[in-house]
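Notes for the one structure printed next.
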Amino acid sequence: MCETKLSGSSCAKVSLLFGATLVLLIFLSVGWLRGFLSPALGQSPSAPSWCRGLNHPNLSACGSVRAGGANGPALDPNALWAIVHGYCVPNEQQHGNPAPCAAVDLTQGVGRGYAVIKDPFGPTQYLLVPTRRITGIEDSALLAPDAVNYFAAAWNARSLVGKAVGRELPDDALSVAVNSPLARSQNQLHIHIDCIDANVRSAIARGGTNISERWSLLDTPLGGHRFNAIRVMGTTLAGHNPFKLLAEGVPGARADMGQRALVVAGMSFAGARAGLVILADRVDSKGDLAGGSRLQDHSCALAR
């Protein structure tokens with residue numbers, strides 16, 4: 001049919017879109033099946049949907065199931081990369097259409113570009129994914145002198161969350177986060193873009209006067225764990241790369257970035273000055289796997 005009714009370019013476009021749709025359907029099916037089987041796997045059926053899909057960093061909510069772990073079936077750790085690299089990027093290059101991603105930015109080339117894709121297992125959650133191979137927070141490429149500030153790009157994409165709920169959200173309702181290798185299922189860097197948990201927002205606001213331009217340990221635990229915090233004034237992360245701020249500012253962090261998690265959230269400081277708070281967590285022996293996205297609310301209660 002393709003040979004007889006479509007031109008060569010139209011045929012190629014149809015084939016590419018069909019392939020992308022097929023990959024997404026398979027991807028969605030894996031997440032659905034995992035959720036359906038959750039009771040048999042020891043996972044609570046009421047656990048958040050993102051526990052049953054691509055990412056499930058909060059093991060306390062997800063029971064004992066962990067991708068790649070001994071207690072549950074492993075998802076393909078390259079699934080996210082396969083979608084971005086195999087479909088979103090070539091579709092953008094060849095047709096100016098980022099599908100199945102929401103956006104692809106290649107203005108500085110594939111080596112310095114990124115894609116933003118809707119996480120199908122969170123109604124308001126998006127993921128920013130580099131278009132070059134970067135495994136995660138532990139990858140030394142993130143600390144290179146000319147490293148792309150992927151966190152800045154992720155924060156700039158936060159308006160997508162507001163579009164998902166149908167109205168603009170204030171910055172202090174939003175956050176971006178990256179997990180440690182122990183708290184992720186995918187071996188391609190992905191930064192979660194979503195609402196901040198309401199209780200976390202309140203806790204940060206209460207301790208705001210103690211958050212300065214130097215890293216310090218917060219008095220109040222967040223999500224049951226202690227975080228270091230630093231503030232950045234303004235509404236963007238331009239000139240402030242959280243990966244580098246962590247590596248250069250927290251003793252020992254550069255040597256064990258793979259044990260760390262990072263979260264950035266909007267905040268108003270004294271005098272109603274707009275700013276951002278950067279939070280850092282570290283894996284410990286008490287069950288903290290450094291899942292930064294556990295501070296997010298993938299149902300976005302703050303939008304209701």
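The values are calculated or read from the model by the stated rules, or taken from the named source; none is laboratory data. This is a predicted model, so every value here is computed, not measured. Counting neighbours? That spans all protein chains shown, and the Cβs are built from the backbone with ideal geometry, glycine included.
Which residue, of A272, A247, is free of Cβ contacts under 8 Å to residues at least 12 places away in the same chain and either under 20 Å from N149 (Cα atoms) or aliphatic (A, V, I, L, M) (or both)? I'd like the intermediate steps shown before the answer.
Working: A247 fails: free of Cβ contacts under 8 Å to residues at least 12 places away in the same chain.
After ruling out the rest, the residue left standing is A272.
Take the residues in region 285-296 that are out of contact with any Pro (no Cβ under 9 Å at 6 or more places or on another chain) and modelled with pLDDT of 95 or more, then tell me which one is nearest to D256 (Cα to Cα). Outline the logic, then answer.
Going through region 285-296, the residues out of contact with any Pro (no Cβ under 9 Å at 6 or more places or on another chain) turn out to be 285-288, 295-296.
Retained after the next criterion (residues that are modelled with pLDDT of 95 or more): 288, 295-296.
Working: D288: 15, L295: 22, Q296: 24 Å.
The extreme case among them is D288.
For E213, indicate whether it is at pLDDT 95 or above, charged (D, E, K, R) and part of a helix (DSSP H, G or I).
Values: at pLDDT 95 or above: yes; charged (D, E, K, R): yes; part of a helix (DSSP H, G or I): no.
Spelling it out, it is not the case that E213 is at pLDDT 95 or above, charged (D, E, K, R) and part of a helix (DSSP H, G or I).
Can you spot a residue in region 231-243 that is out of contact with any Lys or Arg (no Cβ under 7 Å at 6 or more places or on another chain), in a strand (DSSP E or B), under 24 Å from G287 (Cβ atoms) and not hydroxyl-bearing (S, T, Y)?
Going through region 231-243, the residues out of contact with any Lys or Arg (no Cβ under 7 Å at 6 or more places or on another chain) turn out to be 231-232, 234-243.
After this cut, where a residue has to be in a strand (DSSP E or B) as well, the list is 231-232.
Add one more test, that the residue is under 24 Å from G287 (Cβ atoms), and what stays is none.
No, that holds for no residue.
Restricting to region 244-254, count the residues that are part of a loop (DSSP other than H, G, I, E, B), surrounded by 12 or more Cβ atoms within 10 Å (Cβ to Cβ) and either over 21 Å from the mean Cα position of the chain (by Cα) or not aliphatic (A, V, I, L, M) (or both). Outline the logic, then answer.
Step one: list which residues in region 244-254 are part of a loop (DSSP other than H, G, I, E, B), which gives 250-253.
From the residues that got through so far, the ones that are surrounded by 12 or more Cβ atoms within 10 Å (Cβ to Cβ) too are 250, 253.
Those left that are additionally either over 21 Å from the mean Cα position of the chain (by Cα) or not aliphatic (A, V, I, L, M) (or both): 250.
Within region 244-254, residues that are part of a loop (DSSP other than H, G, I, E, B), surrounded by 12 or more Cβ atoms within 10 Å (Cβ to Cβ) and either over 21 Å from the mean Cα position of the chain (by Cα) or not aliphatic (A, V, I, L, M) (or both) number 1.
Among the residues of region 153-166, is any surrounded by fewer than 19 Cβ atoms within 10 Å (Cβ to Cβ) and in a loop (DSSP other than H, G, I, E, B)?
yes
Enumerate the pairs (first residue in region 85-106 and at pLDDT below 95; second residue anywhere and in a loop (DSSP other than H, G, I, E, B)) with beta-carbon separation below 7 Å, excluding pairs fewer than 6 apart on the same chain, so at least 6 apart or on different chains.
The qualifying pairs do not exist here.
Considering each of P45, P73 in turn, give the residue that is modelled with pLDDT under 95 and touching a Ser or Thr at 6+ places or on another chain (Cβ under 7 Å).
Details: P73 fails: touching a Ser or Thr at 6+ places or on another chain (Cβ under 7 Å).
Being modelled with pLDDT under 95 and touching a Ser or Thr at 6+ places or on another chain (Cβ under 7 Å) holds for just one of P45, P73, which is P45.
Just for region 171-209: of the residues that are small (G, A, S) and more than 17 Å from H225 (Cβ to Cβ), which one is nearest to the chain's Cα centre (by Cα)?
S185
So which of Q296, Q259 is surrounded by fewer than 21 Cβ atoms within 10 Å (Cβ to Cβ), over 18 Å from G207 (Cβ atoms) and touching a residue at least 24 places away in the same chain (Cβ under 8 Å)? Before the answer, list the steps.
On the way: Q296 fails: surrounded by fewer than 21 Cβ atoms within 10 Å (Cβ to Cβ).
Only one candidate qualifies: Q259.
A quick yes/no check of all residues on (1) small (G, A, S); (2) under 16 Å from G122 (Cα atoms); (3) without any contact (Cβ under 8 Å) to a residue 40 or more places away in the chain:
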residue: F151; (1), (2), (3): no, no, no
residue: V165; (1), (2), (3): no, yes, no
residue: D171; (1), (2), (3): no, no, no
residue: S175; (1), (2), (3): yes, yes, no
residue: A203; (1), (2), (3): yes, no, yes
